[in-house]
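Worksheet: the structure to be examined is printed underneath.
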Amino acid sequence: MIKAREDNKDKKLLNEFLYSETLSQEMLQLMLNVFNPSPENIDEEINEDRLYMINSPKNCEINSHDRSLLNKKRKSQDSIKIIEDANNSNIANENEKRNLITQIKANDKTLKSNIEDISPLGNEQDIELPKVIYRLDYYKKAFKVNCFKYLTNTLNELLPKELSSKNKFYKPNHESFTSNVKEEDNLNFLSMTLKEAFTYIEKDKDKDKKAKGAKKKDKNEDLIKNIFNYEPKNNYDSKNLEKLKQYLDMTVEKSIELFYQSESFKKFSNEEKIKFFDNNFIKEKGFSMLEKNGFIKLTKLYQNQNENFSNGLSSIHPIMNEINSV
């Protein structure tokens, strides 16, 4: 019985979609849901990769495309309400009532135009994309995510076939490492080895086995143990295995230097968004992050600033001692 009611409802919605000139609130909501998937359906890996893309500022307004969709929905709802009011009114002349409804339908957008405007296959020039916003933390995340995506792929390519058939490297924990733009933490990361970076998670989250990325961190840890205990079956695996071990023992700083020499970096630096970021970065810092080892230079600025501050304090101490002795 319940299934029959659901089938009738589906048929009713289908008929409305195909033949009605105006859309009900329920139909418009269904159509909007199709093009606005819920967050829980978005793959975690995609979320990690999008870290280097633009994060909308917290106080941003709804973009013009979404606003236009909402306006279409409101207009259609207004038309439906007017028609309902006309049907419920005390207009004596039935012809006047029909004329009023016909006029409202004629002024409203048709189903075809609504679908064309909402469809992602429509004219792309009519869609206004969100404006790119520069912030230093966005740029740092962009660099780190791309760099460690390249390093993760490189490690996986070097895995012996026997190990790669069952295991693979996952990117370092994005909350604790990749998206962490704290100056002090990034400076400490430079001296880490890659095997430490790929198994790193903040101490308070490391105790929580249900924390995001904890399982991937454990899988990386188990894979690294297997790599250093693995006995290669042939010369090809033996060569790759030695190179893989060298990579894992390499510092993060050295691996970033290799990223700057890679084709992946060239592709990254040619993205329009990254060029935009770098132009603003140059105005802010006086050098380019895209120049050789620019990210390392930026990270070490924090160390230099602290050393200069400490040296300044040490030079003040003798003066203060002389003053106190008077």
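Taking helices (runs of 4 or more DSSP H) that fall entirely within the range 183-293, which contain at least 3 residues that are more than 30 Å from I133 (Cβ to Cβ) and among the basic types (K, R)? Before the answer, list the steps.
Values: elements: 183-190, 194-197, 203-206, 214-229, 235-249, 252-260, 263-269, 272-285.
Ranges flagged: 214-229, 235-249.
For residues that are outside any helix (DSSP H, G or I) and either within 13 Å of S264 (Cβ to Cβ) or not aromatic (F, W, Y) (or both), tally how many sit in the range 134-163.
From the range 134-163, those outside any helix (DSSP H, G or I) are 134-135, 159-160; that's our starting set.
Okay, now just the ones that are also either within 13 Å of S264 (Cβ to Cβ) or not aromatic (F, W, Y) (or both), so 135, 159-160.
So the count comes out to 3.
Residues checked against (1) in contact with a Lys or Arg (Cβ under 6 Å, 6 or more places away or on another chain); (2) closer than 26 Å to Y230 by Cβ:
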{"residue": "N153", "(1), (2)": "no, yes"}
{"residue": "E162", "(1), (2)": "no, yes"}
{"residue": "F169", "(1), (2)": "no, yes"}
{"residue": "S176", "(1), (2)": "no, no"}
{"residue": "V181", "(1), (2)": "yes, no"}
{"residue": "L190", "(1), (2)": "no, no"}
{"residue": "I201", "(1), (2)": "yes, yes"}
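As a summary of the residue check, E184 satisfies the conditions (1) more than 29 Å from Y139 (Cα to Cα); (2) acidic (D, E); (3) exposed (fewer than 13 other Cβ atoms within 10 Å of the Cβ) except for the one numbered (1). For the range 281-299, which residues satisfy the criterion of being surrounded by 17 or more Cβ atoms within 10 Å (Cβ to Cβ) and not aliphatic (A, V, I, L, M)? Within the range 281-299, F281, G294, F295, T299 qualify.
Taking the conditions exactly as written (among the hydroxyl-bearing types (S, T, Y) and in contact (Cβ under 8 Å) with a residue 40 or more places away in the chain), does S255 satisfy them or not? In short, yes.
Bear in mind these aren't lab numbers, they're just calculated from the coordinates by the rules spelled out. Everything numeric here is computed off the predicted structure, so don't read it as measured data. Here Cβ is always computed from backbone atoms with ideal geometry, including for glycine, and neighbour counts include all displayed protein chains.
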